[in-house]
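A.B. asks: Can you keep this structure in mind? I'll have questions shortly.
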């Protein structure tokens with residue numbers, strides 16, 4: 001007799017609301033990983049999320065936790081306000097690259113420098129998704145977007161910002177790594193990293209961030225499969241995966 | 001409590017502490033930095049939260065985050081810094097979380113200077129940030145009033161889930177006067193039905209946001225805010241009257257311009273001129289009704305401000321052209337002396353006044369001979 | 001009753017504290033009082049001044065254009081405020097820092113060698129208290145005793161051992177000004 005194996009179920013960290021993300025976008029994967037980690041750590045009840053402005057502006061609809069919605073780029077400042085008066089809660093921001101690395105660069109750098117005990121999930125898909133695929137600070141050199149129609153010319157449009165490398169130089173940062181969501185193996189590694197980031201916060205060991213290389217099939221003008229390939233072949237060489245900073249205290253954590 | 005000599009800025013800081021302030025986020029800017037400095041020592045001493053933010057933008061969003069959890073929170077700044085905070089203020093208004101913000105106003109626009117000014121009246125009273133909202137705005141004229149209104153601002157902010165701004169100019173911030181502090185109110189977290197302090201196994205999840213993606217929902221929100229504002233207008237107007245009983249000329253001035261006018265009124269009274277003063281304490285909601293009633297029995301109004309006539313327009317709205325409204329202002333950080341206002345009173349007592357010329361235009365013409 | 005006082009000098013001469021001492025004395029004796037400094041870049045070593053207003057009613061303007069009472073601790077302050085003084089007012093000038101006498105004869109200009117007196121007492125920083133003492137000779141609303149009590153009540157604990165010398169500075173300034181006042185034709 002054939003037995004049925006449950007291979008997919010919604011994690012408890014999720015609400016029943018279906019997401020609004022485009023087919024093939026990895027936001028959904030990133031959301032799920034966060035929800036699974038919150039469930040596994042048993043912290044859903046004491047978590048407060050901070051949503052950004054960008055494609056994930058409605059993140060608050062999908063996680064079954066309290067949520068606040070920040071102005072564009074200000075999620076780390078808002079999270080600072082929440083965490084400082086509620087130090088026993090788990091506070092995380094979920095931000096895209098336009099939000100975090102462009103308009104919110106001041107807020108993220110200073111939250112990291114202060115060593116705010118918050119967790120940041122940083123989605124790097126190399127463009128502004130919600131407004132229709134404009135050039136972001138993370139857009140690759142030569143990459144075409146709606147505001148760099150001839151390809152990003154670094155002479156006039158500057159160079160992409162490598163956020164994990166940059167933030168890892170700050171003393172307030174406990175955990176700062178880059179992972180990718182382009183295949184199952186990397187998704188598993190990403191989940192481990194997200195877990196470590198939240199464990200960092202739970203133990204009061206400083207600022208934690210996981211940068212996730214992600215796809216944007218709609219605005220990249222690619223099929224979902226080709227988008228995954230693009231991440232592997234073009235984004236990873238420019239944004240190498242790795243552990244940019246893991247403090248000694250965090251290295252001791254055994255899950 | 002016995003009276004002590006308090007500096008305006010420090011008095012506001014201590015008053016906020018005594019009102020149960022649980023978290024302060026700010027950024028240094030003259031002439032309000034003493035508030036930040038005072039709280040950088042006082043808050044940690046009491047085990048409360050103090051963060052010097054990376055910018056006013058950071059500060060107001062930290063305030064926003066903390067306000068969402070339902071605690072008593074504030075920031076303070078001065079004109080250019082408050083401009084930078086306008087984004088957060090609009091979001092806070094749209095999210096309906098109680099927030100207190102102190103603006104120790106200085107000369108502007110732009111970098112301007114650090115001298116006392118009232119040029120941010122319109123920004124504070126008529127919004128400043130984008131969208132349809134009304135903040136409560138209190139305007140103390142003395143150190144004691146700064147203390148009392150700081151305490152009140154927390155109560156009003158919570159009562160109406162609104163932004164309550166305390167606007168004063170550098171004079172009141174930098175001045176020392178004898179004042180009495182209220183008793184220390186212990187930090188107390190209300191059991192609100194709206195705050196996002198995590199479910200903790202006790203309730204359904206909550207979301208705080210200023211997004212209403214469906215215009216119909218946004219319209220409902222705007223209407224809710226407006227109806228709440230009508231309640232505030234009906235219940236929270238505050239002003240102080242001086243020598244109004246038999247007054248033929250009434251000066252209207254807030255903050256320092258109001259108290260400088262008081263000196264002129266005293267001298268004019270000694271000279272037998274029947275002049276009084278109405279000093280708005282809430283500039284938003286504005287005392288339209290009190291001015292409306294006065295319009296029926298006085299000969300003329302004189303509006304004094306340390307700006308180019310911003311509150312003037314609100315006074316004119318209340319007076320509705322029934323009697324002449326004159327204006328006297330000093331700008332850019334210049335504080336008027338009482339004799340300047342006294343000579344305006346003398347002029348008004350002597351000359352037949354009309355309502356055909358806009359008071360700002362008439363004043364501008366007179367200013368050409370003054371400066 | 002309302003009296004306005006401006007105290008002016010170089011940053012570091014104790015201008016602001018001198019004003020605060022008078023403000024404390026007025027407050028402790030039950031009067032209304034305001035104290036307001038000039039603030040901003042000038043606090044970094046330039047000239048500094050403060051205005052003290054004492055009254056028995058709610059005080060209006062904390063600033064004054066034509067003060068009846070001024071302490072000028074240096075020449076720039078003397079130059080600035082002498083022309084602004086109210087007719088009949090009293091201007092206390094720190095003689096140690098000026099090289100001229102009065103230009104006006106419709107005010108009382110009292111020259112007091114504040115630095116020298118303070119040095120005789122043994123602490124040149126007390127120059128401001130000598131000047132305050134001198135001012136009291138023209139401010140009957142605040143007594144020497146009021147100011148002594150204010151100092152005792154509000155001087156930080158670590159400075160309390162300096163009280164006797166402060167009292168002496170006040171007294172010497174007061175007596176010096178009294179003598180000068182007697183010379184001024186009424």
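Each value in this text was obtained by applying a stated rule to the coordinates, not by laboratory testing. Treat the numbers as computed from the prediction; the structure is a model and nothing was measured. Here the Cβ positions follow ideal geometry from the backbone for every residue, glycine too, while neighbour counts run over all protein chains shown.
A.B. asks: Using only helices, what value at 222 nm comes out for chain A when you add -39,500 (n - 2.57) per DSSP H run of length 4 or more and divide by the total residues, to the nearest 500 deg cm²/dmol?
C.D. replies: When only DSSP H runs of four or more count, the value is -8500 deg cm²/dmol.
A.B. asks: Hey, if you drop one equal point scatterer on each alpha-carbon of the protein assembly as shown and run the Debye formula without solvent, what base-10 log of I(q)/I(0) do you get at q = 0.10 Å⁻¹?
C.D. replies: -1.04
A.B. asks: As an exercise, use a Förster radius of 35 Å and the Cβ-Cβ distance of residue C:65 and residue B:45 to find the FRET efficiency, rounded to the nearest 0.05.
C.D. replies: 0.25
A.B. asks: Rank the residues A:138, A:169, B:95 as a footprinting-exposure proxy: fewest other Cβ atoms within 10 Å of their Cβ go first.
C.D. replies: Least to most surrounded, the residues fall as A:169, B:95, A:138.
A.B. asks: In Å and on Cα atoms, what radius of gyration and Dmax does the range A:75-146 show?
C.D. replies: Rg, Dmax (Cα atoms, Å): 13.9, 45.
A.B. asks: Normalised radius of gyration for the range C:109-186, please: alpha carbon Rg relative to 2.2 N^0.38 Å, two decimal places.
C.D. replies: Ratio of Cα Rg to 2.2 N^0.38 Å: 1.09.
A.B. asks: Further question: Counting pairs of Cα atoms in chain A, how many percent are more than 34 Å apart?
C.D. replies: Percentage above 34 Å: 12.
A.B. asks: Quick check: residue separation of residue C:165 and residue C:179 times 0.36 nm, minus the Cα distance between them. What number comes out in nm?
C.D. replies: So the extension gain works out to 2.9 nm.
A.B. asks: Continuing with the same structure: Out of the DSSP beta bridges found with both residues in the range B:4-235, what percent are antiparallel (nearest 5)?
C.D. replies: So the antiparallel bridges in the range B:4-235 amount to around 20 percent.
A.B. asks: What per residue convex hull volume, in Å³, do the alpha-carbon atoms of the range C:51-186 yield?
C.D. replies: Taking the convex hull of the Cα positions in the range C:51-186, it is 122 Å³ per residue.
A.B. asks: Hey, another quick one. Let me confirm one metric for peptide B:192-198, namely the mean number of other chain beta-carbon atoms within 10 Å of its residues' beta-carbons.
C.D. replies: Taking the mean over all residues of the peptide, I get 5.
A.B. asks: Helix B:359-370 against the longest principal axis of chain B: what's the angle in degrees, Cα atoms only, rounded to the nearest 10?
C.D. replies: 70
A.B. asks: Report the relative contact order of chain A, percent, no decimals, based on alpha-carbon pairs under 8 angstrom and at least 6 residues apart.
C.D. replies: 18
A.B. asks: Oh, and also: Measure off 7 Å from each Cα along the Cα-to-Cβ vector at residue B:37 and residue B:52, then give the distance between these two points in nanometres to one decimal.
C.D. replies: 1.1
A.B. asks: Treating the angle as unsigned and between 0 and 90°, give the value, to the nearest 10°, between the Cα long axis of helix B:79-95 and the longest Cα principal axis of chain B.
C.D. replies: Once rounded, the angle reads 60 degrees.
A.B. asks: Fewest Cβ neighbours within 10 Å first, please rank C:35, B:194 accordingly.
C.D. replies: Sorted ascending by nearby Cβ count, the order is B:194, C:35.
A.B. asks: Hey, fewest Cβ within 10 Å first, where do A:78, C:97, B:367 land in order?
C.D. replies: B:367, C:97, A:78
A.B. asks: Could you work out the relative contact order of chain B? I mean the mean sequence separation of Cα pairs under 8 Å and 6+ apart, divided by the number of residues, in percent.
C.D. replies: Relative contact order, chain B: 17 percent.
A.B. asks: If you restrict to DSSP beta bridges whose two residues both lie in the protein assembly as shown, what percentage is antiparallel, to the nearest 5?
C.D. replies: 30
A.B. asks: Okay, moving on. Looking at the range C:2-183, what % of its DSSP beta bridges pair antiparallel, to the nearest 5?
C.D. replies: Approximately 55 percent, going by the DSSP bridge assignments.
A.B. asks: Over chain C, with a Gaussian network built from C-alpha contacts below 10 Å, which listed residue (C:96, C:38, C:137) shows the highest mean-square fluctuation?
C.D. replies: C:38
A.B. asks: Enter the mean number of other protein chain beta carbons within 10 Å of the beta carbon of each residue in B:320-326, as an integer.
C.D. replies: 0
A.B. asks: Right, next: Taking chain A as a Gaussian network, where each spring joins two C-alpha atoms under 10 Å apart, which residue of A:155, A:211, A:232 fluctuates the most?
C.D. replies: Result: A:155 has the largest fluctuation of those listed.
A.B. asks: Another question, then. By how many degrees, 0 to 90 and rounded to 10, does the Cα axis of helix B:56-68 deviate from the longest principal axis of chain B?
C.D. replies: That helix lies at roughly 60 degrees to the long axis.
A.B. asks: For chain C, what relative contact order do you get, as a whole percent, if you take Cα pairs closer than 8 Å and at least 6 residues apart?
C.D. replies: 21
A.B. asks: Now for a different question. Among B:19, B:53, B:139, which one moves the most in a GNM of chain B with springs linking Cα atoms closer than 10 Å?
C.D. replies: In the Gaussian network model the winner is B:53.
A.B. asks: Which value results when the Cα radius of gyration for chain B is divided by 2.2 N^0.38 Å?
C.D. replies: 1.01
A.B. asks: Quick one: go through the range A:210-248 and flag any residue whose amide nitrogen is under 18 Å from the point 7 Å out along the Cα-to-Cβ line of residue A:169.
C.D. replies: From the range A:210-248, the list is A:239-240, A:243-246.
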